[in-house]
Amino acid sequence: AMFLMACSALQAVMEDWDFDVEQFRPLATDAVRLLIDDMARCSDYESQLQVFSVLNLVIDHLQERARECAPMILQMLPQLWCDSEGQGLLRIQILLALQRLVHVLGSDSPITYPVVLPILQFVIDPDSPDAVNSLEDGLCLWIVVLRHAPGPVDGLVAPLGGLLRIMRNSTEHIFTGTRCITSAVLLYGDAVLEAHGCDMNAVLGGYVGNVKDKAMTDIVHCLNAIVEACPRQGLRFMADTIVAILVDVLGPDKGNQVVAPFLARVVSPLLIRCPEEVLRLFEYACNTRGPEVAAALQRLEAGAADPHVTRPPCERLLASFLGLWLDKFDSIASKGMRKMASLGLCALLKLDVPCVVPRFGEIVTHVAAVWAEVEQGPDADTLGLSFANAGAGPRDDFIPVSVDLEEAEGETARRQALYSESPVVALLIKDYFQECMRQSRNCETLVQAAGGSGSEDGSIAKMLDELLI
């Protein structure tokens, strides 16, 4: 009883606004040792829960100085975890303590893996008895572990199989799950796709058309990370998911919340890297989703003066998608995303497809506007094009972790390296437009189309001249 009163007093002091962390730090190691020793003597669940809550508070206040206490805490956790079977709240406190320790240790966090990885494997398992109570906290711990990891380690991505099984049967964990997948892909690259790509494709593709726009945005951002980090294997493994979204965004009244990032973050990077692969993707869509594509084209071409019904479905699908792109372009708010979307429109010029010529005037209008906006203005040298900073991106504010994920140096370094090595980053709109025009088989036809595209004052021709000079 005296010990629990002391714990309550320590907790009250540490939660006081006037608590001086610097004065407490010389006493911290002894305080942690006493908490651990007395926790071992606590036999009842409520007492252990109270002591562990205070221990988490101490780690929270100590931050970097908690490194000194990490070995002591890690040593007692395995036995405490085993002894806490069936005590969900205590196990959640253990998971929160591990979040804090991993975060404090940062690049040294691999010393926690002998304790952390078996717990993660147990918690992120649909067959685990703890899955109902501890899964979300386990996923949050895994995110912290992945983001702080200095590099790939055997067993670190093992929970992904369990996560995908859980996500296959529920939409509850899309928000956290897509962020786990993103961090795993950034850490392991193609190796993750080789091991889990088919399951990832099935899970993410299965959500398309069955979840709200907010969840679809999370999926699109996850796809962006995959195609950026795995340019060789990303399209190969995720083609079905990309095609599903491609057909879905052509549906009636599709919100800009999904269309804009899909255009800028998924389709544009793929087009810039290899336009022919994207063309084959449209062919794949017609082959694998024929009835859905036919229904979409019937709806989109209804009432059109020239529905081009004699063209192959692939060309008609691309024409409808280009129409959506041009119609929705102004809804892309972020300058970085607008720049990426305009580069994607430029890449389309390399394709020998009939739908580009009649829409060339609109393409020039958008490309010229973004060029003037982002490469002639004050932000010209500060706009990044990687998934890490091409726009607002997925926000982590609502992941219920107990640490600041933005401070994770491991993933920050990986994102920065991906940004630095991306061939897209160095592209300038005007230079790339000229490159694409030179490689276009229809260059002369496109120039003529711009001259006769219906602009009475010749403004489109003038914009084209500015881009080609």
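The values are calculated or read from the model by the stated rules, or taken from the named source; none is laboratory data. In this text, all values refer to a predicted model and were calculated from it rather than measured experimentally. Positions of Cβ are backbone-derived with ideal geometry, glycine not excepted, and every protein chain shown enters the neighbour counts. Heavy atoms of the whole protein, side chains included, go into the accessibility calculation; ligands, DNA and RNA do not. Shrake-Rupley method; radii C 1.70, N 1.55, O 1.52, S 1.80 Å.
Residues that are among the aliphatic types (A, V, I, L, M) and closer than 15 Å to VAL220 by Cα within the stretch 159-179 comprise just one, ILE174. Within the stretch 165-193, the set of residues being in contact (Cβ under 8 Å) with a residue 24 or more places away in the chain and of a type in the set (Ser, Thr, Tyr) comprises THR171, THR176, THR178, THR182, SER183, TYR188. Taking the stretch 194-283 and the helices (runs of 4 or more DSSP H) fully enclosed by it, the elements with 2 or more residues that are touching a residue at least 40 places away in the same chain (Cβ under 8 Å), closer than 18 Å to LEU164 by Cβ and open to solvent by 10 Å² or more (accessible area, probe 1.4 Å) are at 213-229, 234-249.
Every residue, every condition in (1) touching a Leu at 6+ places or on another chain (Cβ under 6 Å); (2) farther than 16 Å from LEU345 by Cβ, yes or no:
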residue: THR241; (1), (2): yes, yes
residue: ASP248; (1), (2): no, yes
residue: ASN256; (1), (2): no, yes
residue: ALA260; (1), (2): no, no
residue: VAL267; (1), (2): no, no
residue: LEU271; (1), (2): no, no
residue: ARG289; (1), (2): no, yes
residue: ALA296; (1), (2): yes, yes
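Note on the stretch 407-425: residues that are over 23 Å from VAL102 (Cα atoms) and surrounded by 14 or more Cβ atoms within 10 Å (Cβ to Cβ) total 5. Just one of LEU55, LEU62 is touching a Leu at 6+ places or on another chain (Cβ under 7 Å), of a type in the set (A, V, I, L, M) and under 22 Å from LEU34 (Cα atoms); which is it? Just a single option satisfies the conditions, and that option is LEU55.
Checked against the criterion of being within 23 Å of ASP404 (Cβ to Cβ) and open to solvent by 20 Å² or more (accessible area, probe 1.4 Å), the stretch 126-137 contains one or more residues that satisfy it. Condition check for ASP127 on (1) touching a helix residue (DSSP H, G or I) at 6+ places or on another chain (Cβ under 9 Å); (2) in a helix (DSSP H, G or I): one failure, at (2). Please verify whether VAL157 is aliphatic (A, V, I, L, M), surrounded by fewer than 16 Cβ atoms within 10 Å (Cβ to Cβ) and over 23 Å from LEU90 (Cα atoms), treating the condition exactly as stated. It is false that VAL157 is aliphatic (A, V, I, L, M), surrounded by fewer than 16 Cβ atoms within 10 Å (Cβ to Cβ) and over 23 Å from LEU90 (Cα atoms). Looking at the structure I just gave you, is LEU101 open to solvent by 10 Å² or more (accessible area, probe 1.4 Å) and modelled with pLDDT of 90 or more? No; evaluated as a whole, the condition is false for this residue. Suppose the filter is more than 20 Å from VAL403 (Cβ to Cβ), over 38 Å from the mean Cα position of the chain (by Cα) and surrounded by 16 or more Cβ atoms within 10 Å (Cβ to Cβ); does SER47 pass it? The answer is yes for SER47. For LEU89, the test of being out of contact with any His (no Cβ under 8 Å at 6 or more places or on another chain), farther than 19 Å from VAL203 by Cβ and open to solvent by less than 30 Å² (accessible area, probe 1.4 Å) is failed.
Taking the numbered list (1) in a helix (DSSP H, G or I); (2) open to solvent by 60 Å² or more (accessible area, probe 1.4 Å); (3) more than 26 Å from PHE122 (Cα to Cα) in turn, ARG67 passes all entries but (3).
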